[in-house]
Amino acid sequence: MRQLERRYLWVLNSLTVPIERVEAIVNDEVKEILDDCTVSMEKALDAFRRELSRVRTGRANTTVLDGIRVEYYGSLTPLNQVAALTVADPRLITVKPWDKNLLGAIEKSIIASDVGLTPSSDGEIIRLPIPPLTGERRKELVKGVRRTSEDYKVRIRTARRDANDMLKAIDGLPEDDLHRGRDDVQKYTDAWTNKVDTIADQKEKEILEV
């Protein structure tokens, strides 16, 4: 008889539940571990997308302003919650506050951020011209994207390691099932790291586009 996880021994001892049910419980635990693994990997991928969205390319994109917060009624509020953000043309973003009194605070927040944009205001709208990227700056940004992608692939591999450790910790899990579970974890790891590479490649193309 297979060695079963200690916390399920009471099921066997009670003789009221068939062994198939105990095995089903163990299999459910495997499924839960695999599900948690994919959730962790998807969260890492989502965070990677958000981080890259804030990397400025040579074209206007309001996502570069996502990390900016503005002092509003005593609390720091995301810029897109206090103003309308618009791509007026490929080289210009406009910011129209719902409250004109926020113009100064918004300008200060943009200047203090690391987006590298210089705001100009006409008292109604803030304009953010997108300066062209130099060749050297493009190379630096591409290197940054590659470093960031490697960081997030490490997160995905960490999720793989955690899942494998939890699978190994299940007492009574047959060796074949353990190997099958690890194979599934590796498939997830390969799939999500490939997604990171695809997103990074697309971002690099945007950065290098003149």
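The values are calculated or read from the model by the stated rules, or taken from the named source; none is laboratory data. Please read all numbers here as calculations on a predicted model, not as lab measurements. Positions of Cβ are generated from backbone atoms using ideal geometry, with glycine treated the same way; all protein chains shown enter the neighbour counts. Areas reflect the complete protein model, heavy atoms only, side chains present, ligands, DNA and RNA absent. Shrake-Rupley method; radii C 1.70, N 1.55, O 1.52, S 1.80 Å.
Put simply, the amide H of residue 93, placed in the peptide plane, has neighbours under 5 Å in 88, 128, 130, leaving out anything fewer than 5 places away on its chain. Seen through its C-alpha gyration tensor, with square-root eigenvalues sorted a ≥ b ≥ c, region 117-210 comes out prolate because a/c lies at 1.5 or above while a/b is bigger than b/c.
I need to check one value: relative contact order of the chain, counting alpha carbon pairs closer than 8 Å and at least 6 residues apart, in percent. 26 percent. The Rg/Rh ratio of the chain, with both radii computed over alpha carbons and Rh defined as the Kirkwood radius, is 1.21.
With contacts taken as Cα pairs under 8 Å at a separation of at least 6 residues, region 112-203 carries a relative contact order of 26 percent. Backbone amide hydrogens, once placed in the peptide plane, bring residue 70 within less than 5 Å of 77, 79, excluding anything fewer than 5 places away on its chain. For residue 43 and residue 98, FRET efficiency with R0 = 41 Å and r from the beta-carbon atoms, rounded to 0.05? Working from the Cβ atoms, E equals 0.80. Each Lys and Arg Cβ is given +1 and each Asp and Glu Cβ -1; about its Cα centre, the chain then shows a dipole of about 800 debye.
Solvent exposure of residue 75, expressed as accessible area, is near 60 Å², computed with a probe of 1.4 Å over the protein chains only. Computed from phi, the 3J(HN,Hα) profile of region 117-125 under the Karplus parametrisation 6.51, -1.76, 1.60 (θ = phi - 60°) reads 10, 10, x, 9, 10, 10, x, 10, 10 Hz, with x in place of Gly and Pro.
For region 62-130 versus region 175-189, the inter-centroid distance based on Cα atoms is 48 Å.
Of the accessible area of region 24-120, with the probe set at 1.4 angstrom, what percent is carbon plus sulfur? In region 24-120, the share of accessible area belonging to carbon and sulfur is 49 percent.
Beyond 24 Å in Cα-Cα separation lie the following of the pairs 43/96; 96/143; 31/168; 108/139; 43/108; 153/203: 43/96; 96/143; 108/139; 43/108. With every protein chain kept in place and ligands, DNA and RNA left out, what is the accessible area per residue of the chain? Probe 1.4 Å, answer in Å². Solvent-accessible surface per residue comes out at 60 Å².
Here residue 27 and residue 66 are evaluated by their C-beta separation; at R0 = 41 Å the FRET efficiency comes out at 0.45.
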